[in-house]
1. Return the pairs, sorted by first residue and then second, in which the second residue is open to solvent by 70 Å² or more (accessible area, probe 1.4 Å) and assigned to a loop (DSSP other than H, G, I, E, B), the first residue lies in segment 67-84 and is under 12 Å from Leu57 (Cα atoms) and without any contact (Cβ under 8 Å) to a residue 24 or more places away in the chain, the beta carbons are less than 8 Å apart, and the residues are 6+ apart or on different chains.
2. Being open to solvent by 60 Å² or more (accessible area, probe 1.4 Å) and either under 20 Å from the mean Cα position of the chain (by Cα) or among the aliphatic types (A, V, I, L, M) (or both) is the filter here, so list the residues in segment 157-166 that pass it.
3. Listed residues Asp154, Asp142; which is exposed (fewer than 14 other Cβ atoms within 10 Å of the Cβ) and touching an Asp or Glu at 6+ places or on another chain (Cβ under 9 Å)?
4. Cβ-Cβ under 7 Å, sequence separation 6+ or interchain: first residue in segment 32-56 and in contact (Cβ under 8 Å) with a residue 12 or more places away in the chain and part of a loop (DSSP other than H, G, I, E, B), partner surrounded by fewer than 18 Cβ atoms within 10 Å (Cβ to Cβ) and of a type in the set (Ser, Thr, Tyr). Which pairs?
5. Can you tell me which of Thr294, Thr261 is at pLDDT 95 or above, under 23 Å from Leu160 (Cα atoms), touching a strand residue (DSSP E or B) at 6+ places or on another chain (Cβ under 9 Å) and open to solvent by 10 Å² or more (accessible area, probe 1.4 Å)?
6. Considering only residues that are open to solvent by 60 Å² or more (accessible area, probe 1.4 Å) and in contact (Cβ under 8 Å) with a residue 12 or more places away in the chain, which ones fall in segment 109-129?
7. Could you say whether any residue in segment 277-286 is open to solvent by less than 50 Å² (accessible area, probe 1.4 Å) and among the acidic types (Asp, Glu)?
8. Name the residues in segment 107-140 that are out of contact with any Gly (no Cβ under 8 Å at 6 or more places or on another chain), part of a loop (DSSP other than H, G, I, E, B) and more than 14 Å from Leu191 (Cβ to Cβ), would you?
Amino acid sequence: MTVTAETKAAISKADCLEILYSDNNWWQYYAAALKIKATKSGNRIRLNSLLNAKSGLCSEDCGYCSQSKKSTAAIDEYDLLPKEEILRKALIAKKNHSSVFCIALSGKRPSRQEVLVLGETIQAIKKMMAIEICLSIGLVTDEQIVYLKSCGTDRFNHNLNTSRENYSSIATTHSYDDRLNTLKKLREHELNICSGFICGVGESNEQLVDLAFELKEQQPYSVPINFLLPIEGTALEKQQPLTPLKCLKILTMLRMIFPETELRVSAGREFHLGELQQLAVLIVDSIFLGDYLTEKGAAISTDQKMLDLLGLAVEGAADE
């Protein structure tokens, strides 16, 4: 692949594999990704805060997840948090300059009562502050989508996670098509989609590229890229870890596939990228601030210092 300013307009699957298999010339692709990011949004970055509003108690068997029914990981288990607690967490997210407050619920799909509580809570948040709301609540019905959109939900997160060929090796209680069908419903109701995947769950480079192109067809508003956290007690706890350079190559490839889409480096960046984490942050548009679902992230003050060191301007911070 010849790296030019036009690379972002015509990247192919063969180009992507060239990036992933690159050796001494990997930095040329990274330089092109950096140019794409600079053109898209300069030195700006968006912060996202994630709340695990219902933990554990899940009937799914996802091999990467500590909340799975088959996991023996030691985690807190609780039903949907009270409205007041979710509001408090939203206020903290806003105070930390997050543009997006992500509310996640464990489980295959939310109950009617959970959806009603979420709707009331989202309405209250929107009255209190200007912050975007993203929900990650599993498989949803058309009725639930319409209701939650009317309450002020800005987008839904529903990751594809891994390729079709690899899917049965990480989950059997739902299918790859279940996830595609959920994304289809969201598009039909004209609700923004946040959808990405987990790298390092046993996929090949070829499967990773196929997944990325399948994801592009879903027209996501934002793409979160997770790197597997091998949590003790999960089915994938002994999965071979990714190298920092492999993670950076994946992000470089995705920057070229999604030149105009919000790209986020998500769970596992601290664990896998190591000293290359700063290089990764420079080519993405957003990061999660603080903890993930059941796992700790970097201290908020640590991430804030890193962003300052890199000269990145947090979206919305100057207006508060």
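The values are calculated or read from the model by the stated rules, or taken from the named source; none is laboratory data. Note that the coordinates shown come from a computational prediction; the quantities given were computed from them, not determined experimentally. Neighbour counts run over all protein chains shown; Cβ positions are idealised from the backbone, glycine included. Remember, those area values only see protein heavy atoms, side chains included, never the ligands or the DNA or RNA. Shrake-Rupley method; radii C 1.70, N 1.55, O 1.52, S 1.80 Å.
1. Glu77/Leu57
2. Arg164, the sole residue that qualifies.
3. Answer to the selection: Asp142.
4. Every condition considered, no pair remains.
5. Numbers: Thr294 fails: at pLDDT 95 or above.
Among Thr294, Thr261, only Thr261 is at pLDDT 95 or above, under 23 Å from Leu160 (Cα atoms), touching a strand residue (DSSP E or B) at 6+ places or on another chain (Cβ under 9 Å) and open to solvent by 10 Å² or more (accessible area, probe 1.4 Å).
6. Kept after step one, since they are open to solvent by 60 Å² or more (accessible area, probe 1.4 Å), are these residues of segment 109-129: 109, 112-113, 120, 123, 126-128.
Once the filter is applied, which keeps residues that are open to solvent by 60 Å² or more (accessible area, probe 1.4 Å) and in contact (Cβ under 8 Å) with a residue 12 or more places away in the chain, segment 109-129 yields Arg109, Glu120, Gln123, Lys126, Met128.
7. Yes, that holds for at least one residue.
8. Ser111, Met129, Ala130, Ile131, Leu139 - these are the residues of segment 107-140 that are out of contact with any Gly (no Cβ under 8 Å at 6 or more places or on another chain), part of a loop (DSSP other than H, G, I, E, B) and more than 14 Å from Leu191 (Cβ to Cβ).
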